[in-house]
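To start, the structure itself, in structure tokens.
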Amino acid sequence: MAENRVWFKNPANEWNEALPIGNGRLGGMVYGNTTLERIQLNEDSVWYGGPSDRNNPDALTHLPKIRRMIMEGRLFEAHELAKFALSGTPPTQRHYMTIGELSLDLGHQDVTNYTRELDLKNGIITVSYCSNGINFKREVISSFPADLIVIRMSADQGKAISFSARLTREKGRYLDEVQGFNNNSIVMRGSCGGKGGSDFRVVLSAVTDGGTTQTIGDNLVITKADTATLFIAAETTFRHTNPEVVCFNKVKDALNKDFTSLKEEHLADYHALYNRVEINLSKDNENLECLSTQERIERVKNGLEDNGFIELYFQFGRYLLISSSRKGSLPANLQGIWNDKITPPWDSKYTININTQMNYWPAEVCSLSECHEPLFDLIERMRITGRHTAKVMYGCKGFVAHHNTDIWADTAPQDIYPPATTWPMGAAWLCLHLWDHYQFTGDINFLKEKYETIKESVEFFLDFLVEMADGQLVTSPSVSPENTYILPNRESGAICFGPTMDNQILKSLFSCCIEASKLLSIDEPFRTRIEEILKRIPKTKIGRHGQIQEWLEDYEEKEPGHRHISHLFGLHPDNQIMVRKTPELAKAACITLERRLNHGGGHTGWSRAWIINMWARLEKAEFAYMNLLELIKHSTLPNLFDNHPPFQIDGNFGGTAGIAEMLMQSHGGELHLLPALPKAWDKGDVRGLCARGGFEVSLKWDHGKFISGTLKSLKGNKCRLRVGSPISILDENNQKVQTVIAEEETLSFQTKKNGKYILIVELIPKGDKSENKNPLS
């Protein structure tokens, strides 16, 4: 049975032990205290300051000189001038903030039978315990339909619910006022600060069965109730001109329903997403569920296997995406939506040279395609600001973004940090998520709608690229995020022309624009033009160590164990480096990963998660599994949040995507089942994964071999399967489907739209060598 419960035997002592709840926009961290409970609150549009034009007005004037310096190897001079001319003014974008916290003075002491749990299956946090002979229970949901956090407090004896509640922010700072309202509500008012910053409102309301409710000062006081239900609404002027009215209206709507109805609405909405995918891995010890999550983590750290915990980790990642990215919300930022600080690490915004993209790696394959939509909305807003940045700073058409953006879709460079600031590929990489969404869903209307966005990103580079003496076209200036190289004269630098990652992103961006143009039968002249430009983009090279070169020249790395592995973008998330199609590059990718890890790479959570996905693409099952265990052992906090350190959510999403990648891959035009199955998962099944081409896949295996599966075709596309064993394919009428042996030992067959197919393994005659082997083995 799959595991879906994160639970503890004690309250949280600090934030990294609290449990997250969220509806995409409105989040909370539940501590589960019995004397003085804390629920730290977030609303996704609470950011310091308003929109601002940070584009450097002197960039365009100095751009030719910086390019000459780079070409001539005058790195120090190029860095110094770029600091002045190519940084934003000011250098930093806006930052995300906590909206405050709810404090509940419960006064329960001498507690026994304590349990605090997050039920992933239902999206509900429950705290239960016994105090003075009374059993108390709190249920917490963040409802997407109601757009509220709802807290239900009950006991097994009447008139047992008495407490006071307060809303506060940073111990009474960074807010303007807290006021009682109508004897059953309190409202907290404040400003996010900064020029053009939003105003915020938080409303707390209560309804009880029995007892009394009153407001005294800034406290909401409940006395001798049988049950109490609290409603938390939060809004800002980012979305509404009068957020306070909106908050009270949402509470008013909820008051017309009982808790059971609100809970049922929440469950129906949540189950529609969460229940799409189920995973079961072989488990030798079914009794581990009696151990708390913290005890399970410690077992893994001590080298003991726990496949049930890996199931839990996988589904926790899906839960976090559902809870931090829903229709109408902002995208999941560096911390999803959960942040307890006014000035968080890295501003808790959108770092778009890997981290934001990694947040959405599980969206399509783990059947949460709708959760991808907030990212698409942000990309559209970035087109507007990115056009201005392209024109003002580079004199180019199209739109561009650098390595960060924020709530206002700021596209000017972030920081004065040479290894990152001058990277112009952020929007280009994000646009590839539009193409990936189309590949998974086959939604031609979506592609039609987003084609101009992809095209506009391409247009920037048609103007921006610089011609080399040999006729190649390269980005300049740029960097390989966030690494530094050493020239033969021992001078080190980060600013460069044509780093490998840029070339790989450009190849992917241009190729998907070409393919989209063909699919839509439009823009043939533009297509022809970029087909010619694509031929002049430098190809991925192999360096003197047998590794993938990170830069156009085979420079020495200043930090060979660097957390970024940007030059393997072509391996993952893209498909330019593949085990069978490009074996030389795949071998070089193996060497690259080995060198990174041998020099201490993978030391941050998200970097380790990326490595899992890369080893899975290389079909190195045991290496992928080992790095998954390392992610859990060294980069997982007590509440299962990923640890950079500090907490960043990208590693959770990258880890979940990596597990899916080990079980199924669909890049490169084929559907590969169990491509990187480790020995520890010798038996299991997974239901509901999604594949490019518009397929839903479920599969079962035993003794490390595929035995059966089902495939649903959403679009009626041709399916090319790589299974590793001879199989028969039956349609819904149990009739055998005609198949052909396709290239590279795959099986190809034509599907029907909405057709369902059963995959059954055939017995392999003795001596049959038909199993597909990894050429890298």
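Return the only residue of ILE522, ILE505 being outside any strand (DSSP E or B), open to solvent by 10 Å² or more (accessible area, probe 1.4 Å), among the β-branched types (Val, Ile, Thr) and at pLDDT 95 or above.
Values: ILE505 fails: open to solvent by 10 Å² or more (accessible area, probe 1.4 Å).
Just one listed residue meets the conditions, ILE522.
The set of residues from segment 174-186 being open to solvent by 20 Å² or more (accessible area, probe 1.4 Å) and either part of a strand (DSSP E or B) or over 19 Å from ALA233 (Cα atoms) (or both) comprises GLU177, VAL178, GLN179, GLY180, PHE181.
Please find, among GLY605, GLY570, GLY600, GLY561, the residue that is under 29 Å from the mean Cα position of the chain (by Cα) and at positive phi. Break it down into steps so the answer makes sense when it comes.
Numbers: GLY605 fails: at positive phi; GLY570 fails: at positive phi; GLY561 fails: at positive phi.
Going through GLY605, GLY570, GLY600, GLY561 in turn, just one is under 29 Å from the mean Cα position of the chain (by Cα) and at positive phi: GLY600.
Filter segment 666-685 down to the residues that are assigned to a loop (DSSP other than H, G, I, E, B) and acidic (Asp, Glu), then identify the one that is surrounded by the fewest Cβ atoms within 10 Å (Cβ to Cβ).
Here is the first cut: in segment 666-685, the residues assigned to a loop (DSSP other than H, G, I, E, B) are 666-670, 674-678, 682-683.
If we keep only those that are acidic (Asp, Glu) too, we end up with 670, 682.
Values: GLU670: 22, ASP682: 15.
Among residues in segment 666-685 that are assigned to a loop (DSSP other than H, G, I, E, B) and acidic (Asp, Glu), the one surrounded by the fewest Cβ atoms within 10 Å (Cβ to Cβ) is ASP682.
The residue that is farthest from LEU629 (Cα to Cα), counting only those in segment 281-304 that are in contact with a strand residue (DSSP E or B) (Cβ under 7 Å, 6 or more places away or on another chain) and open to solvent by less than 50 Å² (accessible area, probe 1.4 Å), is SER292.
One residue stands out in segment 451-495 among those that are assigned to a loop (DSSP other than H, G, I, E, B) and acidic (Asp, Glu): the one that is surrounded by the most Cβ atoms within 10 Å (Cβ to Cβ), namely GLU482. Any residue at all in segment 124-138 that is buried (at least 18 other Cβ atoms within 10 Å of the Cβ), part of a loop (DSSP other than H, G, I, E, B) and not small (Gly, Ala, Ser)? No, every residue in segment 124-138 fails to be buried (at least 18 other Cβ atoms within 10 Å of the Cβ), part of a loop (DSSP other than H, G, I, E, B) and not small (Gly, Ala, Ser).
Against the test of being within 30 Å of TRP346 (Cβ to Cβ), open to solvent by 40 Å² or more (accessible area, probe 1.4 Å) and at pLDDT 95 or above, the options ASP410, ASP415, ASP443 yield a single qualifying residue, ASP415.
Tally time: how many residues in segment 187-239 are hydrophobic (A, V, I, L, M, F, W, C) and open to solvent by 20 Å² or more (accessible area, probe 1.4 Å)? Full working, then the answer.
Going residue by residue through segment 187-239, those that are hydrophobic (A, V, I, L, M, F, W, C) are 187-188, 192, 200, 202-204, 206-207, 216, 220-222, 225, 228, 230-234, 238.
From what's left, open to solvent by 20 Å² or more (accessible area, probe 1.4 Å): 207, 216, 221, 238.
Of the residues in segment 187-239, 4 are hydrophobic (A, V, I, L, M, F, W, C) and open to solvent by 20 Å² or more (accessible area, probe 1.4 Å).
Condition (residue is in a helix (DSSP H, G or I), out of contact with any strand residue (DSSP E or B) (no Cβ under 6 Å at 6 or more places or on another chain), β-branched (Val, Ile, Thr) and surrounded by fewer than 23 Cβ atoms within 10 Å (Cβ to Cβ)) applied to segment 585-593: is it met by at least one residue? Within segment 585-593, one or more residues are in a helix (DSSP H, G or I), out of contact with any strand residue (DSSP E or B) (no Cβ under 6 Å at 6 or more places or on another chain), β-branched (Val, Ile, Thr) and surrounded by fewer than 23 Cβ atoms within 10 Å (Cβ to Cβ). Under the condition of being touching a residue at least 24 places away in the same chain (Cβ under 8 Å), open to solvent by 30 Å² or more (accessible area, probe 1.4 Å) and part of a loop (DSSP other than H, G, I, E, B), the residues counted in segment 554-584 number 10.
One residue stands out among those in segment 697-718 that are farther than 11 Å from LEU673 by Cβ, within 28 Å of the chain's Cα centre (by Cα) and among the charged types (D, E, K, R): the one that is most open to solvent (accessible area, probe 1.4 Å), which is LYS715.
Evaluating GLY398 against the criteria (1) over 14 Å from PRO331 (Cβ atoms); (2) surrounded by 24 or more Cβ atoms within 10 Å (Cβ to Cβ) leaves one unmet condition, (2). From the list TYR313, TYR360, TYR319, the lone residue that is open to solvent by less than 10 Å² (accessible area, probe 1.4 Å), touching a residue at least 24 places away in the same chain (Cβ under 8 Å), touching a His at 6+ places or on another chain (Cβ under 8 Å) and farther than 30 Å from LEU60 by Cβ is TYR360. Within segment 1-37, being surrounded by 21 or more Cβ atoms within 10 Å (Cβ to Cβ) and in a strand (DSSP E or B) holds for VAL6, PHE8, LEU19, PRO20, ILE21, GLY22, LEU26, GLY27, GLY28, MET29, VAL30, GLU37. Determine whether segment 277-286 contains at least one residue that is over 24 Å from ARG692 (Cβ atoms) and either in contact with a Ser or Thr (Cβ under 9 Å, 6 or more places away or on another chain) or in a helix (DSSP H, G or I) (or both). Checked segment 277-286: at least one residue is over 24 Å from ARG692 (Cβ atoms) and either in contact with a Ser or Thr (Cβ under 9 Å, 6 or more places away or on another chain) or in a helix (DSSP H, G or I) (or both).
How many residues are among the polar types (S, T, N, Q) and surrounded by 14 or more Cβ atoms within 10 Å (Cβ to Cβ) if we restrict to segment 729-762? Give the derivation first.
As a first pass, look at segment 729-762 and keep what is among the polar types (S, T, N, Q): 733-735, 738-739, 746, 748, 750-751, 754.
From what is left, the residues that are surrounded by 14 or more Cβ atoms within 10 Å (Cβ to Cβ) are 739, 746, 748, 750-751.
Looking only at that region, the number is 5.
Return yes when ASP347 is closer than 23 Å to ARG169 by Cα and either of a type in the set (Ser, Thr, Tyr) or part of a helix (DSSP H, G or I) (or both) and no when it is not.
Considered against the rule, which asks whether it is closer than 23 Å to ARG169 by Cα and either of a type in the set (Ser, Thr, Tyr) or part of a helix (DSSP H, G or I) (or both), ASP347 comes out as yes.
Give segment 330-350 a look and list any residue that's among the aromatic types (Phe, Trp, Tyr) and either open to solvent by 10 Å² or more (accessible area, probe 1.4 Å) or free of Cβ contacts under 8 Å to residues at least 24 places away in the same chain (or both), or say none. Scanning segment 330-350 gives a single hit, TRP346. Taking each residue of segment 645-667 that is in contact (Cβ under 8 Å) with a residue 40 or more places away in the chain and looking for partners that are open to solvent by 10 Å² or more (accessible area, probe 1.4 Å) and assigned to a strand (DSSP E or B) with beta-carbon atoms closer than 6 Å, six or more apart or interchain, yields GLN665/HIS672.
A Cβ distance below 7 Å, combined with a sequence gap of six or more or placement on separate chains, defines the contacts here; from segment 672-694, residues that are within 21 Å of TRP435 (Cα to Cα) reach residues that are open to solvent by 30 Å² or more (accessible area, probe 1.4 Å) and in a strand (DSSP E or B) in the pairs CYS690/GLU696.
Within segment 71-81, which residues are open to solvent by 10 Å² or more (accessible area, probe 1.4 Å) and touching a residue at least 24 places away in the same chain (Cβ under 8 Å)?
Kept after step one, since they are open to solvent by 10 Å² or more (accessible area, probe 1.4 Å), are these residues of segment 71-81: 71-74, 76-77, 79-81.
Scanning segment 71-81 gives MET71, GLY73, PHE76, HIS79.
The condition (being surrounded by fewer than 19 Cβ atoms within 10 Å (Cβ to Cβ), in contact with a Cys (Cβ under 8 Å, 6 or more places away or on another chain) and either at pLDDT 95 or above or part of a loop (DSSP other than H, G, I, E, B) (or both)) is satisfied by just one residue among THR92, THR112: THR112. Among residues of segment 157-173 that are closer than 19 Å to ASN33 by Cβ, those with a beta-carbon under 8 Å from a residue that is aromatic (Phe, Trp, Tyr) and open to solvent by less than 80 Å² (accessible area, probe 1.4 Å) at least six positions away or on a different chain give the pairs ALA160/PHE136.
Just give me the residues in segment 240-280 being among the small types (Gly, Ala, Ser) and either open to solvent by less than 40 Å² (accessible area, probe 1.4 Å) or under 27 Å from TRP47 (Cα atoms) (or both), in sequence order.
Going residue by residue through segment 240-280, those that are among the small types (Gly, Ala, Ser) are 254, 261, 268, 272.
Once the filter is applied, which keeps residues that are among the small types (Gly, Ala, Ser) and either open to solvent by less than 40 Å² (accessible area, probe 1.4 Å) or under 27 Å from TRP47 (Cα atoms) (or both), segment 240-280 yields only ALA254.
Inspect segment 99-108 for any residue being under 30 Å from THR411 (Cβ atoms) and modelled with pLDDT of 95 or more and give the result as yes or no. Working first, answer last.
Within segment 99-108, the subset under 30 Å from THR411 (Cβ atoms) is 99.
When the remaining residues are screened for being modelled with pLDDT of 95 or more, the result is 99.
Yes, segment 99-108 contains at least one residue that is under 30 Å from THR411 (Cβ atoms) and modelled with pLDDT of 95 or more.
One residue is enough: does segment 260-278 have a residue meeting the conditions farther than 30 Å from GLU364 by Cβ and either among the aliphatic types (A, V, I, L, M) or touching a residue at least 60 places away in the same chain (Cβ under 8 Å) (or both)? So that I can check it myself, show each step before the final result.
Taking segment 260-278 and keeping what is farther than 30 Å from GLU364 by Cβ, we get 260-262.
From what is left, the residues that are either among the aliphatic types (A, V, I, L, M) or touching a residue at least 60 places away in the same chain (Cβ under 8 Å) (or both) are 262.
Yes, some residue in segment 260-278 is farther than 30 Å from GLU364 by Cβ and either among the aliphatic types (A, V, I, L, M) or touching a residue at least 60 places away in the same chain (Cβ under 8 Å) (or both).
With the requirement that a residue be open to solvent by 10 Å² or more (accessible area, probe 1.4 Å), more than 14 Å from GLY336 (Cβ to Cβ) and not in a helix (DSSP H, G or I), what does segment 609-642 give you? Answer for segment 609-642, where residues must be open to solvent by 10 Å² or more (accessible area, probe 1.4 Å), more than 14 Å from GLY336 (Cβ to Cβ) and not in a helix (DSSP H, G or I): GLU619, LYS620, THR636, PRO638.
The values are calculated or read from the model by the stated rules, or taken from the named source; none is laboratory data. Remember, predicted model here, so these are calculated numbers, not experimental data. Every residue, glycine as well, gets a Cβ built from its backbone with ideal geometry; the counts of neighbours run over all protein chains shown. With ligands, DNA and RNA removed, areas are computed over all heavy atoms of the protein, side chains included. Shrake-Rupley method; radii C 1.70, N 1.55, O 1.52, S 1.80 Å.
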